[in-house]
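Participant: Quick one: the structure is below, questions incoming.
The values are calculated or read from the model by the stated rules, or taken from the named source; none is laboratory data. Source: prediction; values computed, not measured. Reconstructed Cβ throughout: ideal geometry from the backbone, glycine too, with neighbour counts over all protein chains shown. The area values use the complete protein model at the heavy-atom level, side chains included, leaving out ligands, DNA and RNA. Shrake-Rupley method; radii C 1.70, N 1.55, O 1.52, S 1.80 Å.
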Amino acid sequence: PPTSIAETTPLPPTSIAECPKPSSNNSGRPINCISTASIKQIDNYIPPWTFQCSPDEALARLERAVRTDPILTITTLDRQARYLKVEVARNLYTKDEIEFLIRGEDGVVTFRAAGVGEQAVSDFGASRKRLESLRVKCGVF
């Protein structure tokens, strides 16, 4: 179906970024970020998903799962790079962003979910639950 999202990005990422390290800037408040790349920050780490199907099938299933959730909006989709960026409407004023990168050579999906803007407000585990729900909906991870 036709969409209004960008089908490509000029330079898709080749890896997913880790979460920012806690600092005095956030006054010790929890950082609203989880990432498969944050292996040295256990509170912000989440393991990547593995898959046995083709990378293109993994992307197609992830895209379908995202499209079925009314609070998720795809903002960037690069099929060649197997990259997907999603905006999450947490409430009227707060948004999160989730980036997915399907690494076909490794058979894994790496991702990062973080608050948008200058927020450093915990979502009380909502991002982890949302990602687990997406993983289950996809049926291959």
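Participant: (1) open to solvent by 60 Å² or more (accessible area, probe 1.4 Å); (2) in contact (Cβ under 8 Å) with a residue 24 or more places away in the chain; (3) farther than 22 Å from Thr14 by Cα; (4) of a type outside the set (Lys, Arg): which one isn't true of Ala65, the others all being true?
Facilitator: With respect to (1) open to solvent by 60 Å² or more (accessible area, probe 1.4 Å); (2) in contact (Cβ under 8 Å) with a residue 24 or more places away in the chain; (3) farther than 22 Å from Thr14 by Cα; (4) of a type outside the set (Lys, Arg), Ala65 is out only on (1).
Participant: If the Cβ limit is 6 Å and pairs must be 6+ apart or interchain, which residue in segment 48-61 that is aliphatic (A, V, I, L, M) pairs with which residue that is open to solvent by 40 Å² or more (accessible area, probe 1.4 Å)?
Facilitator: Listed pairs, sorted by first residue: Leu59/Arg82.
Participant: Go through (1) at pLDDT 95 or above; (2) in a strand (DSSP E or B) one by one and return the number of the condition Ile34 breaks.
Facilitator: (1)
Participant: Hey, another quick one. For segment 42-59, state whether one or more residues are more than 22 Å from Ser122 (Cβ to Cβ), open to solvent by less than 10 Å² (accessible area, probe 1.4 Å) and either modelled with pLDDT of 95 or more or assigned to a loop (DSSP other than H, G, I, E, B) (or both).
Facilitator: The first filter runs over segment 42-59 and keeps only residues more than 22 Å from Ser122 (Cβ to Cβ), leaving 48-59.
Filter again for open to solvent by less than 10 Å² (accessible area, probe 1.4 Å), leaving 58-59.
Imposing the further condition that a residue be either modelled with pLDDT of 95 or more or assigned to a loop (DSSP other than H, G, I, E, B) (or both) reduces the set to 58-59.
Yes, some residue in segment 42-59 is more than 22 Å from Ser122 (Cβ to Cβ), open to solvent by less than 10 Å² (accessible area, probe 1.4 Å) and either modelled with pLDDT of 95 or more or assigned to a loop (DSSP other than H, G, I, E, B) (or both).
Participant: Same structure again: Confirm whether Leu101 is open to solvent by less than 60 Å² (accessible area, probe 1.4 Å), within 28 Å of Ser54 (Cβ to Cβ) and assigned to a helix (DSSP H, G or I).
Facilitator: Against the criterion (open to solvent by less than 60 Å² (accessible area, probe 1.4 Å), within 28 Å of Ser54 (Cβ to Cβ) and assigned to a helix (DSSP H, G or I)), Leu101 does not qualify.
Participant: Can we say Ala114 is modelled with pLDDT under 95 and buried (at least 16 other Cβ atoms within 10 Å of the Cβ)?
Facilitator: Here the answer is yes, as Ala114 does meet what is asked.
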